[in-house]
């Protein structure tokens, strides 16, 4: 009989325990569950946190006014802008008018409107049927020159106004075209709304028949002046004074982010080694809530920092990309103890490109001892929560922090039942008839700007350019 030779394609039988079988008996080392959405959350880490009793924090400020300087002032609460009623007396037809009830009604009827670069707000030769109050932004005025050509008539900006003749008559014609240079915000008061108030106010009708000028004592930052005598000799009569406060101070109520975590009791009972399933589910849930918390503290229309920067503290970029000159401008707006810049990572990269182009190297040692990007010794921290627009522009925040520094502070409850972390609690809400255990996870927070120059904003910074 001929011996059968084995085919070279047939593998020889194993002579030792295989790897796959061995792994069935081995102990596997596992990582905890990972989540890509977890970020550094520098804003939450760097803010000073104030413990708030009763869920409300009131920011009391000195009464600010500058009536008589020809410019209109506004109050800003989040994304909502309102004209200060007394400031309507800056309009020539209302100069010297002090009926607070009527001015408040006129202010209430002003309508907020956002505009973009290149938008025409008023066109030459068209009827003037409303007063336009510029809360924020720059607008170019142009008209017809002596020889029929278009000529520039200047630029108006925050606090300026035009169209006040609409308060006197409804047959005025615009003598210029107003075109937006930057994005911004205006408030408009229509002739129709003004006439409705005029119909029942005798004092307003009398006001339109006379002209008066008023001046308001104010210091360099628009706060009610404190009368002080200095450099005197002997015993002269000293001026008397008091420090007045805002009648309706801003109050910050704590916001909340919540979710319900559900875990099947069988999973919690049987599959909890070597890692506690409830603990890991809770850890990732807390991370997600903290991410939402930081997003809201940056972007909330009510208390988010991007919406609570005073108009006087906002500047556009000079050339498009964020440059060292732009950051110097921000530093000039937060002159005392600036804490840190906050910018999207793509904005930081754009700034670094400008620094490379100029041959400067903005590195410094951060508070954690690590080298990081900084400018003039002020660190620049990344925050992916600051949005990048479809046109590839973003913003840069600069802030001073701490209550003692009159800066920006974070707000959270002083104490919570079932507190898991500061400002965050986990409450067991029971087991359903399907054996699902539920936990209500809540975090309470807000942010407050104590004085306007605690924060400044660079707007419209280009994060990339087509070459």
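Every read-out reported here was derived from the displayed coordinates using simple, explicitly stated rules and does not represent laboratory data. Not measured: the values here are computed from a predicted model. Methodologically, a virtual Cβ is constructed for each residue, glycine included, from the backbone with ideal geometry; neighbour enumeration extends over all protein chains shown.
Neighbour counting of Cβ atoms within 10 Å sorts the residues 442, 15, fewest neighbours leading, into 15, 442.
Considering only alpha-carbon pairs that sit under 8 angstrom and 6 or more positions apart, the relative contact order computed for the chain is 19 percent. Put in line by how crowded their Cβ is, counting other Cβ atoms within 10 Å and starting with the fewest, 416, 440 read 440, 416. In terms of the mean number of neighbouring beta-carbon atoms within 10 Å, the peptides 23-31, 421-429 order highest first as 421-429, 23-31.
Helix-only arithmetic for the chain: the sum of -39500 (n - 2.57) across DSSP H runs with n ≥ 4, divided by the residue total, places the mean residue ellipticity at 222 nm at -5500 deg cm²/dmol. Each part reduced to its alpha carbon centroid, the range 186-205 and the range 397-467 end up 42 Å apart. Stretching the chain fully between residue 418 and residue 260 yields a gain of 55.4 nm (0.36 nm per residue, less the alpha carbon separation).
The Cα center of the range 120-166 and the Cα center of the range 290-349 differ in position by 30 Å. Taking the fewest neighbouring Cβ atoms within 10 Å as the starting point, the ordered list for 433, 98 is 433, 98. Between (1) 1.15; (2) 0.95; (3) 1.02, which matches Rg/Rh (Cα atoms, Kirkwood Rh) calculated for the structure shown? Structure-derived value, by its label: (1).
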